[in-house]
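Right, one structure below, let's go through it.
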Amino acid sequence: SKAGLIALAKSIAQEVGSRGIRANAIAPGFIETAMTAALPEDVRKQWAQKIPLRRAGQVEDIANVATFLASDMSSYVSGQVIEVDGGMNM
């Protein structure tokens, strides 16, 4: 569950933060993968209509956030769950 993911990220971040370790999580939305490609076209279109950006995400969208979190650019980010979902869960 989303609440469990948030609690886990925050708990780990509190536990290991004093050692300079950051803990974050990525919560992907509807991402185009082999699994979602197996869905009927009309189902995929219905999903896209529910997403404010009106499209499914790409695997690269998740990878870009992971790269950011792994980089020094996010050195002061810890205990966060970053939703990469095109605004679907607002």
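No value in this document is a laboratory result; all are computed from the given coordinates. None of the values given here were measured: they were computed from a predicted structure. Counting neighbours? That spans all protein chains shown, and the Cβs are built from the backbone with ideal geometry, glycine included.
Starting from segment 77-90, keep only residues that are at positive phi, then list their pairs with residues that are charged (D, E, K, R) whose Cβ atoms are within a distance under 7 Å, requiring at least 6 positions of separation or different chains.
79/10; 86/55
Looking at segment 34-44 only, could you name the residues that are surrounded by 14 or more Cβ atoms within 10 Å (Cβ to Cβ) and either under 28 Å from residue 23 (Cβ atoms) or not charged (D, E, K, R) (or both)?
Hit for segment 34-44 is 36, nothing else.
Which one of 12, 26 is out of contact with any Gly (no Cβ under 6 Å at 6 or more places or on another chain) and either surrounded by fewer than 10 Cβ atoms within 10 Å (Cβ to Cβ) or over 15 Å from residue 88 (Cβ atoms) (or both)?
Every option except 12 fails the conditions.
Need pairs with beta-carbon distance below 6 Å; first residue under 18 Å from residue 49 (Cα atoms) and within segment 19-36, second β-branched (Val, Ile, Thr); sequence gap 6+ or separate chains.
28/62; 28/84
Identify all residues within segment 67-81 that are of a type in the set (Gly, Ala, Ser), within 15 Å of residue 23 (Cβ to Cβ) and surrounded by fewer than 16 Cβ atoms within 10 Å (Cβ to Cβ); write none if there are none.
Residues satisfying the conditions are 70, 75.
Step by step: first the residues of segment 45-66, then only those that are under 12 Å from residue 30 (Cβ atoms) and among the polar types (S, T, N, Q), then the one that is surrounded by the most Cβ atoms within 10 Å (Cβ to Cβ). Which residue is that?
58
Which pairs do you get when a residue that is without any contact (Cβ under 8 Å) to a residue 12 or more places away in the chain, found in segment 62-73, comes within reach of a residue that is part of a helix (DSSP H, G or I), reach meaning Cβ atoms under 8 angstrom, with the pair 6+ apart or on two chains?
Taking only residues 6 or more apart or on different chains, the pairs are 68/74.
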